[in-house]
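The values are calculated or read from the model by the stated rules, or taken from the named source; none is laboratory data. Bear in mind that the values here come from a model prediction, so they are computed numbers and not experimental data. Every residue, glycine among them, receives a Cβ derived from its backbone with ideal geometry; neighbour counts consider all protein chains shown. Calculation scope for accessible area: heavy atoms of the full protein, side chains included, ligands and nucleic acids excluded. Shrake-Rupley method; radii C 1.70, N 1.55, O 1.52, S 1.80 Å.
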Amino acid sequence: MSIFPADAVNSNATPVTDPLIRQQVEDLLIDYAHALDDFELDHWPDFFTEHGIYQIIPRESFDQNLPLGILFCDGRGMMTDRILALETANIFEPHTISHITGRPQLSLNDDGTINSRSSFNITRTMQDGRMEIFATGKYVDVIT
């Protein structure tokens, strides 16, 4: 799985109608969210191809097709490095997160890849029980 640029969202890809493909993609996206929710970060890069790209882009930048965002990882090696930094260098109050994801909109490209767009909400719960909406947005993926 890798994030694709904003201009790919409006491609002329064919809608996915095969229920098996839809189920496989939905299972992948659910497994991805659960891995993050369960803080299984060592497995997170495995959801991407070796040269996959992961980006977190603010909505304003995405809407203006600006390539720079909050985070950019080019390949599994860089993703593993970001995880190491998160686990060793970043200091934050312990918390848990929980994803709620919407059903993805899927389309098939001529090269066999699948465009996927799904909305998400992430709730963060602190140790004292306080909860807050941590993030809302959309996952925009090209799945191989």
Please work out which one of (1) open to solvent by 70 Å² or more (accessible area, probe 1.4 Å); (2) assigned to a strand (DSSP E or B); (3) of a type in the set (Ser, Thr, Tyr); (4) more than 30 Å from Thr17 (Cα to Cα) is the condition Thr123 fails and give its number.
-> (1)
Mind checking which helices (runs of 4 or more DSSP H) fall wholly inside segment 1-108 and carry at least 3 residues that are at pLDDT 95 or above?
-> 19-37, 76-88
Scan segment 40-49 for residues that are closer than 17 Å to Val142 by Cβ and buried (at least 16 other Cβ atoms within 10 Å of the Cβ) and jot them down.
-> Pro45, Phe47, Phe48
State which residue pairs qualify: first residue touching a residue at least 12 places away in the same chain (Cβ under 8 Å) and under 23 Å from Asp42 (Cα atoms) and inside segment 61-76, second residue acidic (Asp, Glu) and surrounded by fewer than 15 Cβ atoms within 10 Å (Cβ to Cβ) in any location, beta carbons under 6 Å apart, and separation of 6 or more residues or different chains.
-> Arg76/Glu50
Within segment 50-76, of all residues that are more than 13 Å from the chain's Cα centre (by Cα) and under 19 Å from Ile143 (Cα atoms), the one surrounded by the fewest Cβ atoms within 10 Å (Cβ to Cβ) is Glu50
Those residues of segment 109-120 which are in contact (Cβ under 8 Å) with a residue 24 or more places away in the chain, open to solvent by less than 80 Å² (accessible area, probe 1.4 Å) and in a strand (DSSP E or B), in sequence order | Ile114, Asn115, Ser116, Ser118, Phe120
